[in-house]
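Contents: one structure, followed by commentary.
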Amino acid sequence: MADRRISVESLEILVRPGQAVSGTGWVSLEKGNEYSVSLSSAGIALDSLPCLKPYRVTSGRLVFDVSGRGSLEAPKLNGSVRIVDLAVNNQRLKDISIGLNMDGWKVNLFGENSFGFNGVYDVKAGDLALEALFESTELSPYFAIAGRPDLSGLLNASAEVKGNVYDLENIDLFLYVSGIDVSYMRNNLLSAHDLTVRYRNRRLVIPRSRVYLMDKGDMMLQAATDLKGGLDLKGEGAVPLEILAAFDPDLADLGGMLRFDVAASGPITAPAVGGDIYLDNVQYAIPFNGQTVHGANGHIRLANDRLVIESLAGQVDTGHFAVQGTIGLDRFSPADIDLNINARSLPVNVPDTLDLLLETNLRLTGTADDSLLSGNAVILEGQYYRDVQLNLIAEVGQRITGARPGIRAPREPIDLPYLRNMALNVSVSRRGSVTIENNLVDAAISPDLQITGTLNAPVVTGRVSVTSGTVTYQKRTFDITKGVVDFSNPYRTEPVVDIGAEGRVREWTIYLAVSGPLDNLNIQLTSNPPAENAVILSLLATGKTPEEFVSRPGTTASSPSNLLAELLASTYGGKVKETTGLDILQLETEAPVQAGQTEGIKITVGEELTRRLTVKYSIETRGNEMTRATIAEYKFLENILL
């Protein structure tokens, strides 16, 4: 400090190693407070500025050089600011150049990016005048920043802002779009020309304007509103529904046309709304099963706070459906609903599992959080054809070892409006044939069911009767003599099975009885002439009795558990080896070492890595103890094994 002047000979602010702001300057303490200042930086990395983190700036450098000499009463500044190598969300953008000139309290700004702009701002008075010009501005980078690299386009437009920053309600805004073209996957999505938007005298006005959609449709829109809350909106047009694929890829197969003629006027918080919406030849391929909705046509009337579905009908494959009813609106969002849904000869396909032909008369009522689906569904035809695996030996084995079947993980609950808390009251019956035709069962059934509970936790009550049919097991056919599945628990779906079948194996007639709940089935096998379960299981699996299966000259009798182990290994060992790629699968039982002990079970798996080297892994259980062992065998000579 000297001669009543504060001076800074040299200033350096280190932002990051190698990145600094440098400056010099002085200010006089005499009347007028003259000053001289200079600030510059050769480059500051934008990712080092915390204030830019929310804007996903991934690279770029800030370069500036600002200087000026004047007084605090009449300040003067000149300079330039550049942002180079800019990338947002990893999308590279053009460099931004901004120039400024301050003379007195008026600031002139001018700059260039993918568009040009200039303006004047009076710091003391608050007056602002700003213009921007877009000349063939490429929109692709901005779409990519928004996460939509599949969109591209060009914009030609101009914008003006005039007014006072201290009185924003009376500011003037004017936007003129001479042309805009947007493409999706290089196909025309929308285009428009000579669009204007003006805000003046506290009133926003969009004159009648046309937007073209995919070279197939268009929309005419006009609107006016003011700060007092008044609204006057009119719209009409024809929208090709395939345009929705640009916003949701799951709708890529949606086709048809939506025509509308709507208007809204009055207070913006509760305007009077009216108009008509028409659906023409709508088609959609259902992703889940490949069925096609087609020929759907409808008329929906918009009447203030309610959508009235006058008619909505179409086909799913060869079947027909129709919907009528009303949907209440609360500030343009769906509220209460009352729909009648009818179907005639409607095919329903669950891939690789089920084909149905339905006739329904359903009603959906309620609100987004409390709805009810009621009515009846009649099965005109039905076929369940998914193959199932029934392993009677495994069932018996689980009872011997005390193992329990795996528990299926619960599915994620549906959390969509009108579905999350939907209550059910639907009866299911049949009119035509309903069959099960798979690798196990060829039978005709007759369902008489009631579905209650909720969509997320449905409860099935009633009965499914097997009227006739056969069961095939191990290439042997058994006639179903009795078949009933009862759903009698009113609080949860709990099927109780009572099935009887009989079949012939050699000179034995074998009777199969399955009863009880699915998670704890009671399986009983009897025969005529009478035989023990082990004999019946052996006959079913191999066509031989245990004595025939293991009895060879010079052998000794085996225990029932050992018989079962050999039966399992011989019957299913080949399939397991084929599936897993293992070369060795052995299932053995070990006799008790001490009195009171149970027999041990030993499982050995292995693979022959080379002609001489084999690796085995075994698990043995005896009582409550489990022993694991890894064995490597190397064959030196034909009769020497290490």
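Worth pointing out:
- Within segment 72-128, the set of residues being among the polar types (S, T, N, Q), outside any strand (DSSP E or B) and open to solvent by 50 Å² or more (accessible area, probe 1.4 Å) comprises N89, N90.
- Test: residue in segment 281-294 that is open to solvent by less than 40 Å² (accessible area, probe 1.4 Å), without any contact (Cβ under 8 Å) to a residue 40 or more places away in the chain and over 22 Å from G366 (Cα atoms): yes
- Among the residues listed as R92, R56, R61, the single one being under 56 Å from the mean Cα position of the chain (by Cα) and at pLDDT 90 or above: R61
- In the set (1) in a loop (DSSP other than H, G, I, E, B); (2) among the charged types (D, E, K, R); (3) in contact with a Lys or Arg (Cβ under 7 Å, 6 or more places away or on another chain), the condition left unmet by K31 is number (3).
- If you go through segment 168-192 and keep only what is surrounded by 15 or more Cβ atoms within 10 Å (Cβ to Cβ), aliphatic (A, V, I, L, M) and within 39 Å of the chain's Cα centre (by Cα), you end up with L175, V177, I180, V182, L189, L190, A192.
- Single residue of segment 154-167 satisfying the filter (of a type in the set (A, V, I, L, M) and closer than 30 Å to D248 by Cβ) that is least open to solvent (accessible area, probe 1.4 Å): A157
- Test: residue in segment 282-290 that is at pLDDT 95 or above, in contact with a strand residue (DSSP E or B) (Cβ under 9 Å, 6 or more places away or on another chain) and farther than 24 Å from M422 by Cα: yes
- Test: residue in segment 226-234 that is out of contact with any Ser or Thr (no Cβ under 9 Å at 6 or more places or on another chain), open to solvent by 60 Å² or more (accessible area, probe 1.4 Å) and farther than 19 Å from A272 by Cα: no
- Any hit, segment 443-456, residues being at pLDDT below 90 and over 30 Å from I510 (Cβ atoms): yes
- Index of the failed condition, G275 passing every other in (1) at negative phi; (2) small (G, A, S); (3) not in a loop (DSSP other than H, G, I, E, B): (1)
- Output for segment 2-29, where each listed residue is surrounded by 10 or more Cβ atoms within 10 Å (Cβ to Cβ) and over 59 Å from the mean Cα position of the chain (by Cα): R5, I6, S7, V8, G25, W26, V27, S28, L29
- Taking the criterion of being touching a helix residue (DSSP H, G or I) at 6+ places or on another chain (Cβ under 9 Å) and at pLDDT below 95, the residues of segment 165-186 that qualify are Y184, M185.
The values are calculated or read from the model by the stated rules, or taken from the named source; none is laboratory data. Computed from a prediction, not measured in an experiment: that's the story for all the values here. Here the Cβ is made from the backbone with ideal geometry for all residues, glycine too, and neighbour counts use every protein chain on show. To get the accessible areas, we keep the full protein, side chains included, count just its heavy atoms, and leave off ligands, DNA and RNA. Shrake-Rupley method; radii C 1.70, N 1.55, O 1.52, S 1.80 Å.
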